[in-house]
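Peer 1: Take this structure, written in structure tokens, and hold onto it; I'll ask about it next.
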Amino acid sequence: MRRLGKQEIEDIAVGAALLGTGGGGDPYIGKLMALQAVEEHGPITLLSVDEVPDDAFVVSSGMMGAPTVMVEKAPSGSEAKRALQTLEEYLGKQIYATFPIEAGGLNSMLPLALAAKLQLPVVDVDGMGRAFPELQMVTFHLDGIAASPFVIADEKGNVVLLNTIDNLWGERIARAATIQMGGSVMFAIYPMTGKNLKQSGIHHILQLEEEIGRAIRLAKANGANPIAEILRLTNGIELFCGKVVDVNRKTETGFTRGTARLAGLAEYKGEELELRFQNEHLLARTKDRLLCVTPDLIAVLDAETGLPITTEGLRYGARAFVIGIPCHPKWRTPEGIATCGPGYFGYDVTYEPVEILAAKGRSGR
């Protein structure tokens with residue numbers, strides 16, 4: 001157990017933006033909420049997942065919706081609390097701790113803000129090891145853990161309790177309700193025991209985010225290369241360096257969807273990279289070859305600062321490095337590929353690990 005203060009939150013927010021692979025909501029908003037909560041209620045207790053009793057009742061908290069909506073519709077701060085307390089009352093069980101559903105963007109930060117307000121511990125674990133756009137895209141789903149019952153709540157005071165027949169139906173119904181509720185909501189979801197969380201969650205993910213944020217901060221302060229530090233910490237692979245020359249982005253069916261194109265710089269001059277995203281970056285390829293595809297992670301970094309750029313933050317003229325990061329091994333199983341591989345998103349490519357694609361690229365250059 002340890003306590004998280006303002007500097008730890010600042011560092012986690014940077015790491016969350018990186019592992020968010022462009023999505024998960026803008027961590028800046030969540031960071032402000034977490035910092036305010038710490039200011040008002042004191043440091044947050046962070047538990048290792050091994051410190052959670054097997055019979056403890058734990059619930060994930062976060063947001064659902066399009067990141068582009070969150071830029072203009074900031075949470076009021078009370079939705080997450082209403083969602084969690086509604087679920088607690090419905091199940092008649094006291095919640096021991098909360099945890100992020102995904103290690104990315106806003107959804108890494110919201111449980112911290114909520115925990116500070118309610119004086120609950122946060123568990124250092126998530127269900128993705130990155131960010132994904134749909135509720136069933138978690139390791140809990142792969143292990144047969146139900147998302148239901150779960151609760152979504154909006155800033156107007158609407159609260160919806162869902163009890164669906166499976167996690168895919170949970171995603172479909174909640175997504176439709178989210179659109180009607182203004183495009184983004186807060187949720188309390190995947191109620192489970194501490195034993196389930198230990199067996200199915202991805203451990204030490206907030207610690208990794210904090211290490212990434214600290215490494216970028218110290219590299220900048222010491223005049224070192226922050227991108228080299230990121231690659232070292234994540235076992236990442238440099239995919240491309242270029243200038244953003246086109247962004248095609250729209251909000252539809254509750255997601256931010258689109259493409260971006262980067263013209264190569266330096267050793268990549270003469271090449272062009274295409275990025276495809278649905279909230280998160282999901283595919284990166286040049287005209288001649290595939291560089292990285294979901295479920296491996298694709299992150300776009302500011303070429304000067306090394307800070308991650310979200311899909312809603314991509315702008316014409318931005319100079320960026322694009323890196324690929326191997327996903328958690330659970331996503332490379334047949335069940336993982338079926339749940340969030342390229343075929344699920346309609347991409348006509350076969351999944352290959354980013355390190356194998358990189359090796360093929362090096363041999364062909």
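The values are calculated or read from the model by the stated rules, or taken from the named source; none is laboratory data. Everything numeric in this text was worked out from a predicted model, so none of it was measured. Cβ: placed from backbone, ideal geometry, glycine included. Neighbour counts: every protein chain shown. Each accessible area value is taken on the protein alone, full model and side chains, heavy atoms only, with ligands, DNA and RNA left out. Shrake-Rupley method; radii C 1.70, N 1.55, O 1.52, S 1.80 Å.
Peer 1: In whole percent, what relative contact order does the chain give with Cα contacts below 8 Å and a gap of six or more residues?
Peer 2: Across the chain, relative contact order equals 20 percent.
Peer 1: As an exercise, take the mean of 1/r over every pair of distinct alpha carbons in segment 242-365, invert it, and state the Kirkwood radius in angstroms.
Peer 2: It works out to 14.9 Å.
Peer 1: Using R₀ = 25 Å, calculate the FRET efficiency as 1/(1 + (r/R₀)^6) where r is the Cβ-Cβ separation of Q94 and D143; round to 0.05.
Peer 2: Between Q94 and D143 the formula returns 0.55.
Peer 1: Accessible area of segment 167-264 with a 1.4 Å probe: how many percent of it is carbon plus sulfur?
Peer 2: 49 percent
Peer 1: Here's something else I'd like to know. Around T310, what is the net charge, scoring Lys/Arg as +1 and Asp/Glu as -1 over all other residues with Cβ under 10 Å from its Cβ?
Peer 2: Local net charge: -3.
Peer 1: Continuing with this model, one more query. Classify segment 75-228 as rounded, prolate or oblate, taking a ≥ b ≥ c as the square roots of the eigenvalues of its Cα gyration tensor: rounded when a/c is under 1.5, otherwise prolate if a/b is larger than b/c and oblate if not. Before the final figure, lay out each step's value.
Peer 2: Details: a/c = 1.78, a/b = 1.61, b/c = 1.11.
Because a/c hits 1.5 or more and a/b exceeds b/c, segment 75-228 counts as prolate.
Peer 1: Which loop-located trypsin sites (Lys or Arg not before Pro) does segment 51-97 contain, where loop means any DSSP state but H, G, I, E or B and the Cβ has at most 14 other Cβ atoms within 10 Å?
Peer 2: Sites meeting the loop and neighbour criteria: K93.
Peer 1: With 20 Å bins from zero, work out the P(r) of the chain over every alpha carbon pair and list the percent per bin.
Peer 2: Pair shares across the bins are 32, 59, 9, 0.
Peer 1: Can you compute the modelled spin-label distance between S48 and R332, with each label point 7 Å from Cα toward Cβ, in nm?
Peer 2: The two pseudo-label positions are separated by 2.6 nm.
Peer 1: Which distance in nm do the two modelled labels at A266 and R232 give, with both placed 7 Å along the Cα-to-Cβ direction?
Peer 2: 1.7 nm
Peer 1: Can I ask one more? Between R289 and D166, what is the label-to-label distance in nm when each label sits 7 Å out along the Cα-to-Cβ direction?
Peer 2: The two pseudo-label positions are separated by 3.8 nm.
Peer 1: Go ahead and set up a Gaussian network model of the chain, Cα springs under 10 Å, then flag whichever of P133, P27, P149 fluctuates most.
Peer 2: P149
Peer 1: Related question: Quick one: which of K198/K360; K220/K250; K93/K195; K117/K250; K250/K360 span more than 27 angstrom between C-alpha atoms?
Peer 2: Values: K198/K360 36 Å; K220/K250 34 Å; K93/K195 16 Å; K117/K250 34 Å; K250/K360 33 Å.
Long pairs (Cα-Cα over 27 Å): K198/K360; K220/K250; K117/K250; K250/K360.
Peer 1: Still on this structure, I have one more. Per DSSP H run of n ≥ 4, the term is -39500 (n - 2.57); total these for the chain, divide by its residue number, and report the mean residue ellipticity at 222 nm rounded to 500 deg cm²/dmol.
Peer 2: The per-residue figure over the chain is -11000 deg cm²/dmol.
Peer 1: Based on the Cβ-Cβ distance from K220 to K195, what FRET efficiency comes out when R0 is 51 Å, to the nearest 0.05? Mind dumping the intermediate values first?
Peer 2: Working: r = 41 Å, r/R0 = 0.81.
For R0 = 51 Å, the calculated efficiency reads 0.80.
Peer 1: Moving on. Dipole size in debye (nearest 20) for segment 1-101 around its Cα centre, Lys and Arg Cβ +1, Asp and Glu Cβ -1?
Peer 2: 200 debye
Peer 1: Keeping all protein chains in place, calculate the accessible area per residue for the chain (probe 1.4 angstrom), answer in Å².
Peer 2: 39 Å²
Peer 1: Also, I was wondering about something else. Out of L114, L161, L91, any idea which swings most in a Gaussian network model of the chain, alpha carbons joined below 10 Å?
Peer 2: Looking only at L114, L161, L91, the largest GNM fluctuation is found for L91.
Peer 1: May I pose another question? With no solvent and one point on each alpha carbon, what is the Debye value of log10 I(q)/I(0) for segment 174-263 at q = 0.12, 0.16 Å⁻¹?
Peer 2: Listed by q, the Debye log ratios stand at -0.78, -1.07.
Peer 1: OK, next. Between E10 and S78, what FRET efficiency comes out of the Förster formula 1/(1 + (r/R0)^6) with R0 = 25 Å and r the beta carbon distance, rounded to 0.05?
Peer 2: Taking R0 as 25 Å, the efficiency between S78 and E10 is 0.55.
Peer 1: Another question, if that's okay. If I build a Gaussian network model for the chain, linking alpha-carbon pairs within less than 10 angstrom, which residue out of E229, E209, E102 has the largest mean-square fluctuation?
Peer 2: E229
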